[in-house]
1. List pairs: first residue in region C:264-285 and within 13 Å of C:Ala188 (Cα to Cα) and of a type in the set (A, V, I, L, M), second residue open to solvent by 10 Å² or more (accessible area, probe 1.4 Å) and part of a strand (DSSP E or B) anywhere in the structure, Cβ distance under 6 angstrom, at least six positions apart or on different chains.
2. Of everything in region B:88-123 that's away from chain A (no Cβ under 14 Å) and assigned to a helix (DSSP H, G or I), which residue is nearest to ligand 2 (Cβ to nearest atom)?
3. Would you mind stating whether B:Lys197 is within 12 Å of ligand 2 (Cβ to nearest atom), in a loop (DSSP other than H, G, I, E, B), closer than 24 Å to B:Asp23 by Cβ and without any contact (Cβ under 8 Å) to a residue 60 or more places away in the chain?
4. Scan C:Ala300, C:Ala360, C:Ala351 and give me the residue that is among the small types (Gly, Ala, Ser) and over 30 Å from C:Phe275 (Cα atoms).
5. Just for region C:273-285: of the residues that are within 13 Å of chain A (Cβ to nearest Cβ) and surrounded by 24 or more Cβ atoms within 10 Å (Cβ to Cβ), which one is nearest to C:Leu341 (Cα to Cα)?
6. Taking C:Ala450, is it open to solvent by 10 Å² or more (accessible area, probe 1.4 Å) and within 29 Å of the chain's Cα centre (by Cα)?
7. Looking only at residues in region B:24-33 that are touching a strand residue (DSSP E or B) at 6+ places or on another chain (Cβ under 7 Å) and within 14 Å of A:Leu115 (Cα to Cα), which one is nearest to ligand 2 (Cβ to nearest atom)?
Amino acid sequence: MDDLQNQDEKSSGRGSTRREFLTQITVAGAGLSFAPLIVNTETKVPGSQLSVIQPVNVTMVVNGTKQTLTVDSRVTLLDALRDKLMMPGTKKGCDHGQCGACTVLVNGRRINSCLTFAAMCEGDEITTIEGLAHGDGLHPMQAAFVKHDAFQCGYCTPGQICSAVGLVKEGHAKTDTEIRELMSGNICRCGAYQNILEAIKEVQAVKLI
Amino acid sequence: MEPFKFIRAQDNNNAIAAAAVADAKFIAGGTNIIDLMKLNIEKPHQVVDINALKLDKIETLSNGTIRIGALVKNSDLAYHPNISKNYPVLSEALLSGASAQLRNMASVGGNLLQRTRCPYFYDTSYPCNKREPGSGCSAINGYNRNNAVLGTSDKCIATHPSDMCVAMAALGAIIHVQGAKGMRSIPFADFHLLPGKTPSIETTLKHGELITAVDIPVMSFAVKSHYLKVRDRASYEFALASAAVVLDVQGGRIQHARVALGGVGTKPWRSTVAEKVLTGALNNEQTYRTAAEAALSAAKPYTHNAFKIELAKRTLVRALTTVGGMS
Amino acid sequence: MNELVGKPVDRVDGRLKVTGTANYSAEYYPKNVAYGVIVESTIAKGRIKNIDITTAGKAPGVINIMTYKNSMNLHFPQSSDPGGGKYAEKDLLPLQNDRIFYGGQAIAVVIAETFEQAEQAAMLVTADYEKDKPVFDLEKNVEKAYKPVAGLGGSQIQMTRGNTEAALQNASVKLEETYTTPVYHHNAMEPHATTAEWNGDQLMIYDATQSVMGSKNLMAAMLGVEPEKVRLVALFIGGGFGSKGFSWPNTVLTAMAAKLVNRPVKLVLKRQQMFTNAGRRTQTIQKISLGTDNTGKLNAIKHATTSESSFVDEFVEPAGVATAMLYSCANADINHSLVRLNKGTPCPTRAPGEAPGTYAIEAAMDELAYKLNMDPIQLRLVNYNEKDEQKNQQFSSKNLKECYQRGADAIGWAQRNPKPGSIREGNYLVGYGMATATYPANRSASTAKAVLFPDGHAEILCGTQDIGTGTYTIMTQVAADALGLPIEKVKVKLGDSSYPKGANSGGSQVSASVGPAIRAAALGAKSKLVKMAIADAGSPLHGQKEETIIADNGQLHLINQPDKGETYSAILNRHGLDKIEVLATTNVSTRQQQEANPAAKTGAEAQAAQESKSNPAVQEDEHTDRKPYSFHSFGAQFVKLRVDAQLGTVHIDKIVSVMDVGKVMNLKTAKNQIMGGAIFGIGMALMEETAYDPNDGRVVTRDLAQYLVPVHADMPEFDIQFIDKPDTIISPIGARGIGEIGITGITAAIVNAIYHATGKRVRNLPVTPDKLL
Ligand SMILES: Cc1cc2nc3c(=O)[nH]c(=O)nc-3n(C[C@H](O)[C@H](O)[C@H](O)COP(=O)(O)OP(=O)(O)OC[C@H]3O[C@@H](n4cnc5c(N)ncnc54)[C@H](O)[C@@H]3O)c2cc1C
Ligand code: SF4
Ligand code: FES
Ligand code: FES
């Protein structure tokens, strides 16, 4: 299934372009295609050049890469990741701290990126779902999620995985009940909870992280 | 959200100076204020980020008092060995609140000032005296299942949502603040205000004052304490009713008692009447039930929340039983 | 050969999902994209007197504000066929006039350079209304109820047999109770999201939908453009549960906004808006009357449901439909009434009808069992049926007795003390409960294309979509088996309206509908290859008989001479072909009211119809006689739980679900689906409820802190089992679909267990602690 994966990696905001994907299948009239993505965020953040009243500069390290942004002070870390850095792996489920879909690790701790202004992250190290794996392999938690089928639609999944990585690091969850309690900030409406538990237990048991 | 100027404060004075302007607000964890700003409920035009301030320590003073910096994260406080061992009520209250992520963000200072979750307060298309003084209260005759039964007024019946505050009320914490005119300390019981006629004024903190620390005074018997929270789902929800209980039982008799309730009051609800019933009484069901009756005796039900009165009583009885046992 | 179907293979899209590289509809970045935010009405009924956009229009970054005054004209779409797309508000096109029919109705769309700017300006739009008195309380307006003629897609919802009233009068034992369920909201984790871009008169649109084909057709119809000019893509959908089955105003509004500002526009509903503008499960009031003889044999069943719809469309929650066929009973009266309210239109929600319906009937059956002093399973066995008595048809396959047996064994049913309130553990009362699960097996016409490439890999194209149920994976398994290819060599492409028309993701029909089409296309492609080899003097298989050749691991060879053969690549390369393509349509529908689709005249579907005539897999499938059969899945749900005796909190310890869903295509994804359904059921039973303001009728509990769905800490231990007997009548694949049955029966099993634990019968969901004090 590498092809499906490749196809979508192309369309996802890093690397190459939407055009390749869209031209795979010709549509009547063709030529319907979204423009190539801007990957170099240090050039221009979309929209921010226009009438932003209160711009803020912020430098943060996102998945190991230093990013300097000038953003509207209102931009949350979540929207900075999704809309400015075009890293949509981190999801927006509620925008109010009520679902956990936006969970990322800031300086190693799991937090809700929807309730953090990007401007508050000056000097912080942010790890998102896109930055968990090193190289081509999957992070052990990601691999365990695949193995245990710990998702369905996949929308809560990046948040669940980042949260699970944070949970293991925190080291407060020993029993199933404790894992469940401390993962309760991540809602999965598809209901993959049992499989998420299995995945976390496996990673925790073999001390993979 | 309205545009605002974002200022990174470097020290206390700096922060206080920046927050002096009329519509300025501090931001710590951001978990409450950003939530409310997104909904146009809070509309600061200057936001002062205080996270660089050196207020993130938990220290034990020479007299045994635990001093908690205002920026200490809820999770760090909950898992601090001194707290989890000697003040389990506080640790449990913190861990029953919100989610692991939010506790990693939420600060002690911000938690003290978190605002109600009354659904009408959260929806600017409804009148709400707390949000817009004089506009009316949509909850009193509206959907009020989660509203308060204690300390309500004809202007507002909003529940104070914090769990941490309930434990701190029981422990008799002291809040230290610093303002342009210097420092002052506020006993916990004097910090939060009843809604009365001015539900928009929620605490005795003055505009621009910075909370620097919270002290937990020595209370050796707090080793035996407990926080019990009852809700519709098992986690990640505010309380329907909760109880913070500290009991010192010796030889079948209660020597000291501290009781506070959550989820039912318009402020963190320390119940001195219940404490009075308990102090000196035998540690049995009869005592606990009498204390619970006393604690809720002034309760006033509204259309959808009458159940909270009985639920709060039972929650308190259970918490007392858990801590004090039965002789 | 190693069959993949039935194996618990990992999801083929798993890697994308765990690395954050699966893209959902808001995650495309057309150049120069602008952001749209919907402004909602703050009244539930009336008229906009004046809408003031001056301040908002001056806010920084605002490009334009679309109201009914400057929006383009829309056309009413024709189709109400759920397969062809259904617009949620039949009689109300968005932003076309000043009338307000429900709180939260869209009154404007602000389009700005950034999300933050659009959000701010949206707060600055104000409207003056001429307020009218809304009707919003179902219970207070039951006298306004009327009997709708039919349900969604013309389905039958008013059904009788025998003389129920007389039978009830003569019954030795009678039970008559009313069960209510509140309004529920789907709350898929991904909010409805659309990114739209016009290029001249062509529209490219990324939309979170359960029906790429339906949504595309609707957009074309409403916007008044040729369907060929619209392309709609949904590669990944963050859950739907029915809410993305209909098309809601947000999608067409995004396209309209993009036209207005002549730029691509992205518009994502806020979570709060998901409570007003994206469907819901209606409140139901269900009156159940049961009559039996002294042995518990049912002789009368009456299931009368009153539910609500909006003033802009008619949707009936068909709660009683399952009751019509669930038990053997000579007399039955199943009816549905509807009250129109000033709320948004309701829509299907995971197991529409069956979820609330099995709650009511299965709770009533439990009550009846206690009344008769019978074991609840025994009561169900006494009334067991082998045929659908309402339709007078055999079930295509039914193994429900085995489900009861296995479930009872797994939960320890026989060992429990059946007396209510009898099992105490410390502060807790322990209870066991069971119920029957059921969901119809649906199938509709689908077309798929199989393409074989010279490098030995294959692609399958089908315009259906994977909403998280595992369609990508299961279809890869089906195709790989049919093509004789390893799983890595097959790429299934879904979620694009430019592919041949596949089924919508509703009614658990995708596997049963799309699977056979994909299988037929794949078998067709393989057979084409075989024929080429036989006819080719250069092939080692030259002149062999087709039946003696099998395909395995990318090679064709003789069955009893595995070394005699060649690879697919060799055949294609020798013929200088860059691909082999086969289209297939399996034109089968299990919906009685719906005849098989008329053949398409042009396009891929027409070609597919042509090609299918000579496709043996299609012919065999289409010629199976399905008329004598009723298609349903069944299952048994068992629950063990604890109720805190003083505090009224409920914790479920264990759920056992034993499901008879035909062939299990993939044990991993199948278990996940059933658990997911059960968890939805936990929400229904214990915590979910949308509250409306009692004075103005608008939603009060509009976020995920107030509308509670189950979290990790609510989870029980699960034991999910399958009968796994293929249903050979519904399709050659043998699967009956699995997305919805998991939620059926579970809610009743939970309330039945609460009764067993406490002796308290709660008939109004959800069973929150206050109801058990
Ligand atoms: C989904 C959700 C669920 C939650 N569930 C619970 C729960 O179950 N129980 C519970 O108790 N809480 C719960 N919370 C609330 C949470 O605990 C509070 O939001 C949090 O404690 C606020 O702290 P903060 O540092 O993030 O405050 P901020 O949001 O940064 O600030 C809150 C307020 O305090 C002011 N402020 C902050 N620090 C200072 C200071 N040092 N001096 C002066 N003013 C200051 C700010 O100006 C602002 O007005 C929940 C929150 C969410 C979003
Ligand atoms: S109870 Fe208080 S917060 Fe709620 S609507 Fe009334 S005034 Fe506002
Ligand atoms: S999007 Fe941040 S918690 Fe839901
Ligand atoms: S996988 Fe869909 S919400 Fe969790």
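The values are calculated or read from the model by the stated rules, or taken from the named source; none is laboratory data. Just so you know, these numbers come straight off a predicted model, no measurement behind them. Glycine also receives a Cβ, built like all others from the backbone with ideal geometry; neighbour counts cover every protein chain displayed. These accessible areas exclude ligands, DNA and RNA; they are computed on the full protein's heavy atoms, side chains included. Shrake-Rupley method; radii C 1.70, N 1.55, O 1.52, S 1.80 Å.
1. Close Cβ pairs (under 6 Å, with a partner that is open to solvent by 10 Å² or more (accessible area, probe 1.4 Å) and part of a strand (DSSP E or B)) do not exist here.
2. B:Leu112
3. yes
4. C:Ala300
5. So the residue we want is C:Phe275.
6. no
7. B:Ile33
Conditions tested, residue by residue: (1) of a type in the set (A, V, I, L, M, F, W, C); (2) in a strand (DSSP E or B).
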{"site": "C:Val430", "(1), (2)": "yes, yes"}
{"site": "C:Arg443", "(1), (2)": "no, no"}
{"site": "C:Lys449", "(1), (2)": "no, yes"}
{"site": "C:Gly456", "(1), (2)": "no, no"}
{"site": "C:Thr469", "(1), (2)": "no, no"}
{"site": "C:Tyr472", "(1), (2)": "no, no"}
